[in-house]
1. Filter the stretch 1-23 for residues that are open to solvent by 80 Å² or more (accessible area, probe 1.4 Å) and either under 21 Å from the mean Cα position of the chain (by Cα) or of a type in the set (Gly, Ala, Ser) (or both); which is nearest to Gln102 (Cα to Cα)?
2. Of the residues in the stretch 278-299, how many are in contact with a helix residue (DSSP H, G or I) (Cβ under 8 Å, 6 or more places away or on another chain), in a helix (DSSP H, G or I) and open to solvent by 10 Å² or more (accessible area, probe 1.4 Å)?
3. Does Gln302 satisfy the condition of being within 20 Å of the chain's Cα centre (by Cα) and under 20 Å from Thr146 (Cβ atoms)?
4. Quick one: Leu35 ticks every box in (1) in a loop (DSSP other than H, G, I, E, B); (2) buried (at least 21 other Cβ atoms within 10 Å of the Cβ) except a single one, so which number is it?
5. Of all residues in the stretch 317-352, which are exposed (fewer than 15 other Cβ atoms within 10 Å of the Cβ), at pLDDT 95 or above and either not small (Gly, Ala, Ser) or not in a helix (DSSP H, G or I) (or both)?
6. Can you find, within the stretch 244-263, the residue that is nearest to Lys324 (Cα to Cα) among those that are open to solvent by less than 10 Å² (accessible area, probe 1.4 Å) and part of a strand (DSSP E or B)?
7. For the stretch 319-362, enumerate the residues that are charged (D, E, K, R) and either out of contact with any helix residue (DSSP H, G or I) (no Cβ under 7 Å at 6 or more places or on another chain) or without any contact (Cβ under 8 Å) to a residue 60 or more places away in the chain (or both).
8. Would you be able to say whether some residue in the stretch 229-243 is open to solvent by 40 Å² or more (accessible area, probe 1.4 Å), more than 21 Å from Ala306 (Cα to Cα), modelled with pLDDT under 95 and aliphatic (A, V, I, L, M)?
Amino acid sequence: MSLVARVERGVGAIDAADWDRLAGGGNPFVSHAFLTLLEESRSVGGRSGWTPLPLVIDDEGGSPAAVLPAYLKQHSQGEYVFDHNWADAWQRAGGDYYPKLQISVPFTPATGPRLLCEKRPDLALPLLRAAEALVDQNGLSSAHATFISPEQLPLFEEAGWLLRTDLQFHWENRGYASFDDFLAALSSARRKNLRKERAAAQEGVEIVALTGEAIRPEHWDAFWVFYQDTGARKWGQPYLTRAAFDLIGQRMADKVLLVLALHDGEPVAGALNFIGADTLYGRYWGAVVDKPFLHFELCYYQAIDAAIALGLSRVEAGAQGQHKLARGYEPVQTWSAHYIANPDFRRAIADFLEREREGIDQGQLELAAHTPFRKG
């Protein structure tokens, strides 16, 4: 049987049960609910520069057997794997770097599956060949799959895509029964510092962790204010629309952990997390007060508390942030894969990635030597 891949106009055009069956259910960001709420809230599509173009391969009965969450991109914003230098070099050489094909979850630097074919691993390579054909037949410069689950890397490598690595800081649950149990694994000085930070952050505020029906509309109103402030300072304008948060609350509240700091009963800061099968994903934070260590408390320490309570294996606290190292988050490599259509440009990128990887490997070793854990 010859395989035919088709391009849909959005994840919403694909049946939710079919999509989630292929996604596997362990990662909230590749779920049909999350990807379609981005579309329905107009966080993607329109003038956002993210045009949904999911690729689908059907089985003999006409049902989806493999899907690829893909987007036509007009810029490199909201990706967290930086290729601006590649774009500049290609455009200086007279080429058009944009549009390009992006295989990812928009605005979400969290690892996860990018080839959604859990029951049909034999369709992984055809999916990637379909992505390559989409690039070649439409004159696109490239395709990029970012924050790939490590177990899927061999599939991209087999297809001949260029692999790129970067560093994030993740917390690993080594069987801790409580936060104090985690603290016991740290050096005496770091243990003392973390306790001081938590005490200072919690002074004068009440901290609540909400999930499911406990998250009410007024909580989303408050968090929208926090998110807008942080988004405006980091990116110029927030990526998600206000409607996206309402839809998260309506469709995914049981996958959300919203941590709020209250002063006199009113929210003054908050951190939004998503709950996966084995990982807690920290995504957004914001505040309308300037309180020492409150960011660390809501984003990092409360996340550790929650992961231990939920029996999760790790916390992924988002992109960058070397300050996480002193709080027990360790350097971990993340991966992306890249298809470059032009052979000469591909060779130049391959040379760059080889040099870059050496620096990343050395950086990880140096950072790992400065974790707060007891030595020996």
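1. Restricting attention to the stretch 1-23, the residues satisfying the condition of being open to solvent by 80 Å² or more (accessible area, probe 1.4 Å) are 1-4, 9, 15, 21.
Applying the additional criterion that residues be either under 21 Å from the mean Cα position of the chain (by Cα) or of a type in the set (Gly, Ala, Ser) (or both) yields 2, 21.
On the way: Ser2: 26, Arg21: 22 Å.
Here the residue is Arg21.
2. 1
3. On the way: within 20 Å of the chain's Cα centre (by Cα): yes; under 20 Å from Thr146 (Cβ atoms): no.
Taking the combined requirement at face value, the residue does not satisfy it.
4. Every condition holds for Leu35 apart from (1).
5. Result: Gln333, Asn342, Pro343, Asp344, Arg347, Asp351.
6. Within the stretch 244-263, the match that is nearest to Lys324 (Cα to Cα) is Val259.
7. So in the stretch 319-362, the residues charged (D, E, K, R) come out as 324, 327, 330, 344, 346-347, 351, 354-358, 361.
Once the filter is applied, which keeps residues that are charged (D, E, K, R) and either out of contact with any helix residue (DSSP H, G or I) (no Cβ under 7 Å at 6 or more places or on another chain) or without any contact (Cβ under 8 Å) to a residue 60 or more places away in the chain (or both), the stretch 319-362 yields Asp344, Arg346, Arg347, Asp351, Glu354, Arg355, Glu356, Arg357, Glu358, Asp361.
8. For the stretch 229-243, residues open to solvent by 40 Å² or more (accessible area, probe 1.4 Å), more than 21 Å from Ala306 (Cα to Cα), modelled with pLDDT under 95 and aliphatic (A, V, I, L, M): present.
The values are calculated or read from the model by the stated rules, or taken from the named source; none is laboratory data. It should be emphasised that the depicted structure is a prediction, and the values quoted were computed from it without experimental measurement. Glycine also receives a Cβ, built like all others from the backbone with ideal geometry; neighbour counts cover every protein chain displayed. Keep in mind that these areas ignore ligands, DNA and RNA; they rest on the heavy atoms of the full protein, side chains included. Shrake-Rupley method; radii C 1.70, N 1.55, O 1.52, S 1.80 Å.
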